[in-house]
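Chemist: One structure coming up, written as structure tokens, with questions to follow.
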Amino acid sequence: MRTAELLTPPLPLLVPAETFDGFDWHPSTTLTWRCATESLALNALDDQMPLGLAFVLRAPWPSLPTELAWLHTGRAHAAALGITDELALAPYAIDDATDLLYAERRPPTETFWLSADNANGLYWALHDWSHFHNHGEFTDRPSTELQCDAAALVWLWINRAAIGLPDAHWELLRRGALANHVALRDATPGTRCPPPRVLEDAAALQALAMELSGRAGVREG
């Protein structure tokens, strides 16, 4: 079993301020990631279920929608991680968790640890990790998603050595995130979201990752 503390330093606000009513309400620091496989499965970006990830609860939280963690990790992966009857956030309850974490001021890193064995699942987990630290009302979804897409890509770049993500596959994920965002914008007339230049520019994302790593006093990549 591999366990790593993924570095998740807060990103600057990249979208209009009114996107969030609780931007950076609890500054992100790290996410505990566990994986039972020797290497990460390098799949393409796909937002359809199943994602092969589970935000496993560190302690019971009755008001949160939950399901058995092994339903989402798979039985073999769960057994390798020592997961038996542990509960995880229900996949449909990302918004519920975002709201409840903010309302009850529960630090996400003290609430969940992550199981994910594939690049796609890890991308979406980091995307959701950004949601958990930046509360919003989803009045303009492209803006919310752009902030979280950028966070996922920056955090993947910072942690790519620890998780075993080749640079070329990070680029594949970036292109997939950009394509998803463009489709979302096209389906959202009148969005106030700025153009997705941050997703278009791989070098800018990598530079931001290096800057945030330096501020946090950590070694990038």
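Chemist: Return the only residue of ASP21, ASP47 being closer than 19 Å to LEU153 by Cβ, among the acidic types (Asp, Glu) and open to solvent by 30 Å² or more (accessible area, probe 1.4 Å).
Modeler: ASP47 is the lone residue from the list that is closer than 19 Å to LEU153 by Cβ, among the acidic types (Asp, Glu) and open to solvent by 30 Å² or more (accessible area, probe 1.4 Å).
Chemist: Moving on to the next point. Filter segment 50-75 down to the residues that are surrounded by 15 or more Cβ atoms within 10 Å (Cβ to Cβ) and of a type in the set (S, T, N, Q) and list them by number.
Modeler: Hits for segment 50-75 are THR66, THR73.
Chemist: Next up: Picking from ALA103, ALA78, which residue would you name as being open to solvent by less than 10 Å² (accessible area, probe 1.4 Å) and of a type outside the set (S, T, N, Q)?
Modeler: Values: ALA103 fails: open to solvent by less than 10 Å² (accessible area, probe 1.4 Å).
Going through ALA103, ALA78 in turn, the sole match is ALA78.
Chemist: Filter segment 116-158 for residues that are touching an Asp or Glu at 6+ places or on another chain (Cβ under 9 Å) and outside any helix (DSSP H, G or I); which is nearest to PRO194 (Cα to Cα)?
Modeler: Checked segment 116-158; the qualifying residue nearest to PRO194 (Cα to Cα) is ASP140.
Here is a yes/no grid of residues against (1) within 22 Å of TRP33 (Cα to Cα); (2) touching a Phe, Trp or Tyr at 6+ places or on another chain (Cβ under 7 Å); (3) of a type outside the set (A, V, I, L, M):
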residue: TYR123; (1), (2), (3): yes, no, yes
residue: LEU126; (1), (2), (3): yes, yes, no
residue: THR139; (1), (2), (3): no, no, yes
residue: VAL154; (1), (2), (3): yes, no, no
residue: ASP167; (1), (2), (3): yes, no, yes
residue: ALA177; (1), (2), (3): yes, no, no
residue: HIS181; (1), (2), (3): no, no, yes
residue: PRO194; (1), (2), (3): no, no, yes
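Chemist: Can I ask one more? Among the candidates TRP124, TRP157, which residue alone is over 12 Å from the mean Cα position of the chain (by Cα) and at pLDDT 95 or above?
Modeler: Matching residue, one of TRP124, TRP157: TRP157.
Chemist: Hey, any hits in segment 115-126 for a residue that's touching a residue at least 40 places away in the same chain (Cβ under 8 Å), among the hydroxyl-bearing types (Ser, Thr, Tyr), in contact with a His (Cβ under 9 Å, 6 or more places away or on another chain) and open to solvent by 30 Å² or more (accessible area, probe 1.4 Å)?
Modeler: No, there is no match, as no residue in segment 115-126 is touching a residue at least 40 places away in the same chain (Cβ under 8 Å), among the hydroxyl-bearing types (Ser, Thr, Tyr), in contact with a His (Cβ under 9 Å, 6 or more places away or on another chain) and open to solvent by 30 Å² or more (accessible area, probe 1.4 Å).
The values are calculated or read from the model by the stated rules, or taken from the named source; none is laboratory data. Keep in mind the model is a prediction, meaning the values are calculated, not measured. Neighbour counts run over all protein chains shown; Cβ positions are idealised from the backbone, glycine included. Surface accessibility is based on the protein's heavy atoms, side chains included, excluding ligands, DNA and RNA. Shrake-Rupley method; radii C 1.70, N 1.55, O 1.52, S 1.80 Å.
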